[in-house]
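Below: one structure, written as structure tokens.
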Amino acid sequence: MKLSLMQENLARGLQVVGRAVSSRATLPVLSNVLLRTEDAGLKLTTTNLEIGITCWLPGKIETDGALTVPARLFADIVNSLSAGERVDLESDTPTSLRIRSGRFRAHIKGIDADEFPAIPTAGERPTTRVPQKALRGALAEVTFAAATDEARPILTGVLTRFVGDRLTLAAADNYRIAVKTLDVLDPVEEKSVVVPARSYTELARILSDTDDPVDLVLAPARNQVLFHVDSIDLITRLVDGQFPNYQQVLPATHSTRAVVEREELLKATRLSALIASSSANVVKLTVPPEGAGAISISANAEVGENEGEIEAAVEGEGTSIAFNARFLIEVLQNMSGDQLALEFNGSLAPGVLRPIGDPDYVHVIMPVRTAS
């Protein structure tokens, strides 16, 4: 293999695929990046066996070939080279790579490309397409609510359900549920898969703030899904199992509704969390009855107590409810929109947050029982 390409292109590509490198690889080759000449350029591929990322880079090919080299070492070397310089890569054997750029020379040892796991690439026809900006925003509003505890693997994934020209994403752990629905560009027959939340987090890093589409290809066996955007493929395995029926938990009615400024509620909750973090991390919301003034957000612990108030437009009866401060902060900082509606059915029923002007997003948080 012998080729040349620009330092900034190689550095960017290694940054993209580096997210899929295994940090605790049982197989040494999983700590490597696969370099393969293809279509008059260089293809970089990494995988941790859960996700695989492939990135195509433009370059001048003199001799075709392939090998794998340690991903982190190779990226550190490339990032240390001067931007705007040409980088020459050459391998005379399947396990050795020479790097040249300006007056710099390096030689690193690798592993034969034949030992690298096979990674599927996008086919010609996607299952559907989704605008990148819309999908990126939806993932930000949903993925954080997925469970991180592997005790229930299905909850570490995000339900991805297609019905016609609509896509619904839902994530849940034992304390909260986030649901977002958005449009797809190509109608799909009804089907559901569960994508690991970690894979969606990496996909969100790749997506751009543009309306250009990302192609979604669902494997016929429904054990993998591939996303293709520009010169990048991300493929992930799916989570086996039946996702819980979250719709049964979504409250259909409410006895109290309050419309507030999202940033004001976020600020007040963060302040209360400073006190709450020293105890059980519980903050209390006290909503006045209809016609009264402001919502109180407070915390009480051994180190002290605090209380803040924010203006609210309240409908219905007054109520008090306690939440885990972290759960409330996470939804408020990931939710879009300037205003949101808080909906309650007393102190022991789940609380609902809905952004004003976006009927396609809903977030439910289970309350915390307190002595008072």
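Listing V214, V259, V184 from fewest to most neighbouring C-beta atoms within 10 Å gives V259, V184, V214.
The overall shape of region 262-336 is oblate: from the C-alpha gyration tensor, with semi-axes ordered a ≥ b ≥ c, the ratio a/c is 1.5 or greater and a/b is no larger than b/c. The gain in end-to-end length when the E317 to L185 segment is fully stretched comes to 43.2 nm, 0.36 nm per residue minus the alpha carbon separation. Take the chain, drop everything but the C-alpha atoms, weight them equally and run the Debye formula without solvent; then report log10 I(q)/I(0) at 0.07, 0.08, 0.09 Å⁻¹ to two decimals. Debye intensities relative to I(0), on a log10 scale: -0.41, -0.52, -0.63.
For region 128-247, the relative contact order is 29 percent, taking Cα pairs closer than 8 Å that sit 6 or more residues apart in sequence and dividing their mean separation by the residue count. Its Cα centre serving as origin, region 256-365 has a Cβ charge dipole (Lys and Arg +1, Asp and Glu -1) of approximately 320 debye.
Please list, in order, the residues from region 251-292 whose amide nitrogen is less than 19 Å from a point placed 7 Å along the Cα→Cβ vector of V303. Correct set: 267-284. Between Q333 and Q248, what is the label-to-label distance in nm when each label sits 7 Å out along the Cα-to-Cβ direction? Placing both labels 7 Å beyond Cα along the Cβ direction yields 3.4 nm. Listed from fewest to most Cβ neighbours within 10 Å, the set K109, K180 follows the order K109, K180. Fully extending the segment from A219 to D360, taken as 0.36 nm per residue of separation minus the present Cα-Cα distance, adds 48.0 nm.
Over the chain, Cα pairs under 8 Å with separation of 6+ residues give a relative contact order of 12 percent.
Calculated mean residue ellipticity at 222 nm for the chain: -5500 deg cm²/dmol, from DSSP H runs with n ≥ 4 weighted as -39500 (n - 2.57), summed, divided by the residue count and rounded to 500.
Arranged from fewest to most other beta-carbon atoms within 10 Å of their beta carbon, I297, I275 become I275, I297.
Largest first and in whole Å, the equivalent-ellipsoid semi-axes of region 128-247 read 21, 15, 14, each the square root of five times a Cα gyration tensor eigenvalue.
About the centre of its Cα atoms, the chain shows a dipole size close to 1000 debye [charges on the beta carbon of Lys, Arg (+1) and Asp, Glu (-1) only; nearest 20 debye]. Among the listed pairs K180/K267; K133/K267; K60/K133, those whose Cα-Cα separation exceeds 29 Å are K60/K133.
Taking the alpha carbon gyration tensor of region 2-115, multiplying each eigenvalue by 5 and rooting it gives semi-axes of 20, 15, 14 Å, largest first. Candidates A66, L49, P350 compared by Cα position along the dipole of the chain: farthest toward the positive end lies A66, with charges placed on Cβ.
Each value in this text was obtained by applying a stated rule to the coordinates, not by laboratory testing. Values in this document were obtained by computation on a predicted structure and should not be read as measured data. Positions of Cβ are generated from backbone atoms using ideal geometry, with glycine treated the same way; all protein chains shown enter the neighbour counts.
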